[in-house]
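See structure below.
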Amino acid sequence: MKKLALAAFTTVATLSLVCGPALAEYPERDIRVVVPWGAGGGTDGIVRKLTTIAEGQLNTSMYVENIEGGISATGISEVMSARPDGYTIGMLTYDSVITVPWQALLPNYKLDRLELIARVTSEPDALIAAASSPYESLSDVLEAAKAAPGKVRIGMQNIGSRLHLAALQLQQETGTEFKLIAYPGGAAQQKEAMLNGEVELVTTSLGDFSSLLNEDSARGIVEFSDTPNPTYSDVPTAADEDLSLRMGSFIVVAAPAGVSEEVVGKIEAAYRFALDSDEFQSWVADVGVTPNWLGSDEVGAWASDTQAGIFKQLDELVASGVISK
């Protein structure tokens, strides 16, 4: 019996020695990065660029997987349900933090099932016109909308989304009525709609439409922010146009709740390196996106405060009959 006990103790000790260092060697295999929107949109492009640089710091392969559906809920739910070992991470956007939980689309969708690691960007939304449209300025758009209520077409993303909210607030503030057309699935569908002539205008970020803006297939009308976009400084801000409307998105890196501090630290450091790198900074200067870092010690409180503030705005719109929940 003593010999058996000694053998068992030796086996356990040996396993401990083997497993201990292995856990410290994260990552040991490929890391899955879930983007809850379709390929080709602004979020997808930013994440792929950052991840390509970050994987060099982690000495492993990181592959982006686009999982569409449920206004980002489908992809983020997979992250929530994944093992908290750092081998599945996801990218939250506005809808992941605001729209899905506010509308209670999924009963088990709760942000406390995630560990928020870092915010990497913030992007003001904008009103963008097709180059073939007659609209050169916000005053042109508003004049046309007042002359023909409900006729000027604006392509947005999902009903109840941030961009829907921005369009509704624009109507309220300017006393106009537009024809709002939803294109679920991200900016790629909005681009197609504009190029096909289905809409004359869209609400999304300038970064989402950088390719069309750069090739003069679209023009920025107004950005819903206080300060000029560093890439598209010629686009007037909402402040320039005496609008109080402010709206925008962001990208937040997250992992399943329960992931270790060590893993969080490694992922955070890799993405911070990628964000600060000359490669990303020079790339981002051409796509209209604003790097805006918040680390793991701040991003959770920021997300909670942001969520509470916008929930209040949405509830007020419900109370006034502008939208339904």
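The values are calculated or read from the model by the stated rules, or taken from the named source; none is laboratory data. Only a predicted model underlies this, so the values are computations on that prediction, with no experimental measurement involved. Counting neighbours? That spans all protein chains shown, and the Cβs are built from the backbone with ideal geometry, glycine included. Surface areas here come from the heavy atoms of the whole protein model, side chains and all, with no ligands, DNA or RNA. Shrake-Rupley method; radii C 1.70, N 1.55, O 1.52, S 1.80 Å.
Here are the criteria: (1) over 22 Å from L105 (Cα atoms); (2) in contact with a Ser or Thr (Cβ under 7 Å, 6 or more places away or on another chain). Tell me which single one F280 does not satisfy. Failing condition for F280: (2).
Tell me yes or no: at least one residue of the range 100-114 is in contact (Cβ under 8 Å) with a residue 24 or more places away in the chain, on the phi > 0 side of the Ramachandran plot and not hydrophobic (A, V, I, L, M, F, W, C). No, that holds for no residue.
In summary, Q190 fulfils each of the numbered conditions (1) in contact (Cβ under 8 Å) with a residue 60 or more places away in the chain; (2) surrounded by 22 or more Cβ atoms within 10 Å (Cβ to Cβ) with the single exception of condition (1). Selection within the range 67-87: residues that are free of Cβ contacts under 8 Å to residues at least 60 places away in the same chain and in contact with a Phe, Trp or Tyr (Cβ under 7 Å, 6 or more places away or on another chain). The member of this set that is farthest from Q103 (Cα to Cα) is S77. Looking only at the range 27-66, residues that are without any contact (Cβ under 8 Å) to a residue 60 or more places away in the chain and of a type in the set (F, W, Y) come to 1 in all.
Restricting G150, G155, G220, G160 to those that are in contact with a Leu (Cβ under 6 Å, 6 or more places away or on another chain) and either assigned to a loop (DSSP other than H, G, I, E, B) or not charged (D, E, K, R) (or both) reduces the list to G220.
Pairs linking a residue in the range 304-320 that is under 24 Å from V252 (Cα atoms) to a residue that is in a helix (DSSP H, G or I), with Cβ atoms under 6 Å and 6 or more positions apart or on different chains, are Q307/V97; F311/W102; L314/W102.
Within the range 193-210, restricting attention to residues that are small (G, A, S) and assigned to a loop (DSSP other than H, G, I, E, B), the residue that is least open to solvent (accessible area, probe 1.4 Å) is G207. For the range 246-262, a residue qualifies if it is of a type outside the set (K, R), surrounded by fewer than 21 Cβ atoms within 10 Å (Cβ to Cβ) and either touching a Phe, Trp or Tyr at 6+ places or on another chain (Cβ under 8 Å) or part of a loop (DSSP other than H, G, I, E, B) (or both), and the qualifying residues are G248, A257, G258, S260, E262.
Taking (1) modelled with pLDDT under 95; (2) not in a loop (DSSP other than H, G, I, E, B) in turn, D226 satisfies each apart from (2).
Looking only at residues in the range 229-241 that are in contact with a helix residue (DSSP H, G or I) (Cβ under 8 Å, 6 or more places away or on another chain) and modelled with pLDDT under 95, the one that is least open to solvent (accessible area, probe 1.4 Å) is Y232.
I'm trying to understand the selection: among the residues of the range 166-187, which are touching a Gly at 6+ places or on another chain (Cβ under 6 Å) and either basic (K, R) or open to solvent by less than 20 Å² (accessible area, probe 1.4 Å) (or both)? Result: K179, G185, G186, A187.
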